[in-house]
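Worksheet: one structure, shown below.
The values are calculated or read from the model by the stated rules, or taken from the named source; none is laboratory data. Since this is a predicted model, take the numbers as computed values, not measurements. In this analysis, Cβ positions are derived from the backbone assuming ideal geometry, glycine residues included, and neighbour counts consider all displayed protein chains.
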Amino acid sequence: MGQLIRILILLAALWLVLHFVRRALRRHQRPDGDTSSPAPAHMVACALCGTHVPESEAVRVGNRTYCCEAHRRSGESG
């Protein structure tokens, strides 16, 4: 009976070691292919308020950029 308990304890210990090794290996694996996260957008500052917006969403007038149409109008008038 004592030997059966010893075998069960050894099997449980072996299972725990394998479990933690597999878990550690999974954590360090790199994902294959594309990570599906978009490339970071180039940010520009609004000439009126200084808020940074993606360049693709900015309103451009000459060499100045604005965060929205209302700031473009305010910037041009004053």
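Only one residue in Ala41, Ala24 is exposed (fewer than 10 other Cβ atoms within 10 Å of the Cβ), at pLDDT below 95 and of a type in the set (A, V, I, L, M), so which one is that?
Ala24
Which of the residues belonging to the range 35-78 are among the hydrophobic types (A, V, I, L, M, F, W, C) and part of a loop (DSSP other than H, G, I, E, B)?
Ala39, Ala41, Cys46, Ala47, Leu48, Cys49, Ala58, Cys67, Cys68
Looking at (1) modelled with pLDDT of 90 or more; (2) touching a strand residue (DSSP E or B) at 6+ places or on another chain (Cβ under 7 Å), which one does Gly75 not meet, given that it meets all the others?
The one condition Gly75 does not meet is (1).
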